Amino acid sequence: MQNRTELLKGIRDEDERIFCARGLDRADVAARTYVPKFSDFADPYKTALLLDMVHKQYGYELNVISWGGTEDAERRMTGFFPEYTEADTKEFPITCVEIRHNPKFSRELTHRDYLGSVLGLGITREKTGDILIQDGCAYIFAEKEVAEYIAANLEYVGHTKVKTALSDSYRGESPRGIEKRITVSSLRLDAVLSSAFNLSRGKVSDLIKGGKAFINWIPSDNVSKSVAPGDMLTLRGIGRVRLIETGGMTKRDRHSLTVEIFK
């Protein structure tokens, strides 16, 4: 068992440290009271940090799993279950909010539109999980009480009138990006993002230096940072790119890549 203070001291980012500290607090309550407890929603990097810390501090005293409402969820809660109980995703206090509108009287609504409207209700991001959009309908995962609040109070997304309903489960498909073949002069962060999103290298460089880029959810302001297959690259306000594989060099000595783009 490692010391909690030493574990947290190794995290430089304040937001990550606060999230992990709160998570360890809830893990401690679960271990002492034998009642399952749950963290807030977090991105994969924070979730991995917390899972690693809990394992180092509690070993096998707790059964720990993460869940976000679907198997492929990106944003997840972490659940802490006493060692004698089975860790069950059904125990997570997560509810899905279904949001519908009439597309005949509205432009296409985006992830940013839905997120902005939900946060406009005074809800913080850590209380909500993934937002999935399919066939003009959005599904937002949130803590149970927060989901109920969204369903009762969300009337508009932007200027579009919407109808909401609660659902215990989500039966839609997991989000899929658009697969694309690109060529780049190098595997630098700025080169890959520029080619994937058809943006000028200069604009992408400015966004990266401005703190808008992430590699596997870790901030990176280094335009020349190398990326590799399996990496998820985020350019905030633009979209995400998963680097699937490298296909060797072209005749013009450029790298051939297969990427999956999410906007």
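Remark: pairs (first residue in segment 212-226, at pLDDT 95 or above; second residue charged (D, E, K, R) and surrounded by 14 or more Cβ atoms within 10 Å (Cβ to Cβ); Cβ separation under 6 Å; 6+ apart in sequence or on different chains) = V223/D190; S224/R188.
Condition first: part of a loop (DSSP other than H, G, I, E, B), without any contact (Cβ under 8 Å) to a residue 40 or more places away in the chain and under 19 Å from T183 (Cα atoms). Now tell me which residues in segment 227-251 satisfy that. Hits for segment 227-251 are P229, G230, D231, K251.
Exactly one residue out of D113, D135, D88 is of a type in the set (D, E, K, R) and farther than 18 Å from T164 by Cβ, and it is D88. Whenever a residue of segment 150-167 is free of Cβ contacts under 8 Å to residues at least 40 places away in the same chain, its partners that are open to solvent by 50 Å² or more (accessible area, probe 1.4 Å), lying with C-beta atoms within less than 8 angstrom and at least six residues away or across chains, give the pairs E155/K161.
Look at segment 50-62: where a residue is closer than 14 Å to K37 by Cβ and among the aromatic types (F, W, Y) and a partner is outside any helix (DSSP H, G or I) and at pLDDT below 90, sitting 6+ places away or on another chain with Cβ atoms under 8 Å, you get Y58/M1.
Summed over segment 122-148, residues that are part of a loop (DSSP other than H, G, I, E, B) and modelled with pLDDT of 90 or more total 3.
Of everything in segment 206-223, what is small (G, A, S) and open to solvent by 50 Å² or more (accessible area, probe 1.4 Å)? Give them in sequence order. I'd like the intermediate steps shown before the answer.
Of all residues in segment 206-223, those small (G, A, S) come to 210-211, 213, 220.
Selection gives G210 alone.
Return a yes/no flag: does segment 149-156 have any residue that is in contact with a helix residue (DSSP H, G or I) (Cβ under 7 Å, 6 or more places away or on another chain), among the aliphatic types (A, V, I, L, M), at pLDDT 95 or above and farther than 17 Å from G129 by Cα. No; the residues of segment 149-156 include none that is in contact with a helix residue (DSSP H, G or I) (Cβ under 7 Å, 6 or more places away or on another chain), among the aliphatic types (A, V, I, L, M), at pLDDT 95 or above and farther than 17 Å from G129 by Cα. Taken over segment 215-226, the criterion of being in a loop (DSSP other than H, G, I, E, B) and among the hydrophobic types (A, V, I, L, M, F, W, C) is satisfied by W217, V223. Determine whether segment 110-117 contains at least one residue that is out of contact with any strand residue (DSSP E or B) (no Cβ under 9 Å at 6 or more places or on another chain) and of a type outside the set (D, E). Within segment 110-117, one or more residues are out of contact with any strand residue (DSSP E or B) (no Cβ under 9 Å at 6 or more places or on another chain) and of a type outside the set (D, E). Looking only at segment 65-114, filter to residues that are of a type in the set (A, V, I, L, M) and farther than 19 Å from E126 by Cα; which one of those is most open to solvent (accessible area, probe 1.4 Å)? In this case the residue turns out to be A87.
The values are calculated or read from the model by the stated rules, or taken from the named source; none is laboratory data. Keep in mind that what you see is a predicted model, and the values were worked out from it rather than measured. Here Cβ is always computed from backbone atoms with ideal geometry, including for glycine, and neighbour counts include all displayed protein chains. When the accessible area is computed, the model is the full protein with side chains, heavy atoms only, and any ligands, DNA or RNA have been set aside. Shrake-Rupley method; radii C 1.70, N 1.55, O 1.52, S 1.80 Å.
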